[in-house]
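Chemist: Quick one: the structure is below, and I'll ask about it shortly.
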Amino acid sequence: MKNLVKVTFIVLFFTTLGHAQGFDVKATGVQTFSFADQSSRNQAAFHSTTPFEEINGLTTQIEGKVTFDVIDFANTLKGQFTIPVASLKTGIEKMEKDLRSSSWLDAEKYPTITFKITKATNVQKISPNKLSADVIGDFTLHGVTKEITTKDTVTYLDENEMTRARMPGDLLGILSSFDIQLSDFNVEHLLLGKRVSNDIQIKVNLVGTNKF
Amino acid sequence: MNKNQKRTIIIGLIIITAAVVIWLISGGEIFTKTQVLIEKKDELFGTTYKEWQNKFIWGLDLTLIISGVTVLVSGILFFIFKKKGRDEKPS
């Protein structure tokens, strides 16, 4: 009897642990979400602040896919996103031109910024359909690839009347934030550290669908 | 200084002052902007996201350009009026 209780407890423990690593939603198995958004809703915002100047910018041209097993998000998450460098906007025409030039991000030589997910760690369940996680991946900018960790909140919405008004299929919302140092990616300029901060804060807000 | 020269300086100063005041009222931005970021709410996910809104913001760069052009034009007019004043002086 004691052994039966022990075994039951161990099974329940690992089952709970497994569920804590995934979503409690209608969908089952491996799901792939596409983030090819036509309405400019998907975006990455970047922010630089120095005593001389504050720069806020945005791109709405993010494309990508993520794949994961619904009940085992932590161990199965894979994906990749790309952003065209030429899509970065600051609201100031001259600044956008400079940003694309060879003095800064060199859009002609390095036309895209990519983030390739390698794993998710520290996955915590906030609610049955919402997880927080540290997502680790390879970030490529200006021809240099570096491993970075992003702080993410991921929300899974089963398809319903409200979600269908946005897009068909189940929806996945991703909020992600991370910082990068431009000097780590061989971006060198006299104004770095003066008018443009070396530390850039990035916030990403995406909505994807599994019906594409 | 003749009347026209004085008038030129006063008008020039008024234009430069107006440019500086408009710049300060517009928020004292370094660069002139044609679009600004506004926050919007995503009701479905309960999150906020940003959108570009067309809005002209007067920057210091525009103020300096206007001031520079005003100084240049005022300077030329000042010189022209000085010459005219000398030519019109009764002998």
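The values are calculated or read from the model by the stated rules, or taken from the named source; none is laboratory data. Fair warning: this is a prediction, and the values are worked out from it, not measured in the lab. Note that each Cβ is placed from the backbone with ideal geometry, even for glycine, and that neighbours are counted across all protein chains shown.
Chemist: Please specify each residue of the range A:12-45 satisfying the condition of being surrounded by fewer than 17 Cβ atoms within 10 Å (Cβ to Cβ), under 18 Å from the mean Cα position of the chain (by Cα) and modelled with pLDDT of 80 or more.
Modeler: Scanning the range A:12-45 gives A:32, A:36.
Chemist: Output the number of residues of the range A:94-135 satisfying the condition of being closer than 19 Å to residue A:173 by Cα, surrounded by 16 or more Cβ atoms within 10 Å (Cβ to Cβ) and among the hydrophobic types (A, V, I, L, M, F, W, C).
Modeler: Total meeting the criteria: 7.
Chemist: Name every residue in the range A:70-117 that is assigned to a loop (DSSP other than H, G, I, E, B) and under 21 Å from the mean Cα position of the chain (by Cα), in order of residue number. Full working, then the answer.
Modeler: Restricting attention to the range A:70-117, the residues satisfying the condition of being assigned to a loop (DSSP other than H, G, I, E, B) are A:70-71, A:77, A:88, A:90-92, A:101-111.
Within the range A:70-117, A:70, A:71, A:77, A:88, A:90, A:105, A:110, A:111 meet the criteria.
Chemist: Does the range A:76-100 hold any residues that are in contact with a helix residue (DSSP H, G or I) (Cβ under 8 Å, 6 or more places away or on another chain) and away from chain B (no Cβ under 14 Å), and which are they?
Modeler: Within the range A:76-100, A:85, A:86, A:100 qualify.
Chemist: Additional query: Among the residues of the range A:153-171, how many are touching a residue at least 24 places away in the same chain (Cβ under 8 Å) and over 22 Å from residue A:28 (Cβ atoms)?
Modeler: 2
Chemist: Applying the selection to the range A:30-49, what residues are more than 11 Å from every other protein chain (Cβ to nearest Cβ), without any contact (Cβ under 8 Å) to a residue 60 or more places away in the chain and not in a strand (DSSP E or B)?
Modeler: If the condition is that a residue be more than 11 Å from every other protein chain (Cβ to nearest Cβ), without any contact (Cβ under 8 Å) to a residue 60 or more places away in the chain and not in a strand (DSSP E or B), then A:38 is the only one that fits.
Chemist: Oh, and also: Can you report the number of residues in the range B:32-55 which are farther than 30 Å from residue A:167 by Cβ and either of a type in the set (Lys, Arg) or part of a strand (DSSP E or B) (or both)?
Modeler: Residues that pass the stated criteria total 2.
Chemist: Just to be sure I understand, how many residues within the range A:167-194 are outside any strand (DSSP E or B) and buried (at least 17 other Cβ atoms within 10 Å of the Cβ)?
Modeler: 6
Chemist: Looking only at residues in the range A:129-161 that are part of a loop (DSSP other than H, G, I, E, B) and within 14 Å of another protein chain (Cβ to nearest Cβ), which one is nearest to the chain's Cα centre (by Cα)?
Modeler: The extreme case among them is A:129.
Chemist: Another question, then. Tally time: how many residues in the range A:98-136 are small (Gly, Ala, Ser), closer than 21 Å to residue A:182 by Cα and in contact (Cβ under 8 Å) with a residue 24 or more places away in the chain?
Modeler: Matching residues across the range A:98-136 total 1.
Chemist: On the basis of being surrounded by 16 or more Cβ atoms within 10 Å (Cβ to Cβ) and either modelled with pLDDT of 95 or more or touching a His at 6+ places or on another chain (Cβ under 9 Å) (or both), does residue A:140 make the cut? So that I can check it myself, show each step before the final result.
Modeler: Working: surrounded by 16 or more Cβ atoms within 10 Å (Cβ to Cβ): yes; either modelled with pLDDT of 95 or more or touching a His at 6+ places or on another chain (Cβ under 9 Å) (or both): yes.
So residue A:140 passes the test.
Chemist: Hey, among A:57, A:91, A:64, which residue is within 27 Å of residue B:53 (Cα to Cα), in contact with a Leu (Cβ under 9 Å, 6 or more places away or on another chain) and modelled with pLDDT of 95 or more?
Modeler: A:64
Chemist: Let me ask you something else. Go through the range A:185-212 and give me each residue that's farther than 22 Å from residue A:68 by Cβ and more than 14 Å from every other protein chain (Cβ to nearest Cβ).
Modeler: A:185, A:186, A:187, A:188, A:189, A:190, A:192, A:193, A:197, A:198, A:199, A:200
Chemist: Could you go through the range B:32-46 and let me know if any residue there is over 30 Å from residue A:175 (Cβ atoms) and surrounded by 14 or more Cβ atoms within 10 Å (Cβ to Cβ).
Modeler: yes
Chemist: If residue B:17 passes every condition in (1) of a type in the set (S, T, N, Q); (2) under 24 Å from residue B:76 (Cβ atoms); (3) surrounded by 15 or more Cβ atoms within 10 Å (Cβ to Cβ) but one, which one does it miss?
Modeler: Going through the list (1) of a type in the set (S, T, N, Q); (2) under 24 Å from residue B:76 (Cβ atoms); (3) surrounded by 15 or more Cβ atoms within 10 Å (Cβ to Cβ), residue B:17 breaks only (3).
Chemist: Next question. When the residues of the range B:1-31 are narrowed to those that are farther than 20 Å from residue A:45 by Cα and assigned to a loop (DSSP other than H, G, I, E, B), which ends up nearest to the other protein chains (Cβ to nearest Cβ)?
Modeler: Residue satisfying both the conditions and the ranking: B:30.
Chemist: When residue A:164 is evaluated against the numbered criteria (1) within 14 Å of another protein chain (Cβ to nearest Cβ); (2) at pLDDT 95 or above, which criterion, by number, is the only one it fails?
Modeler: (2)
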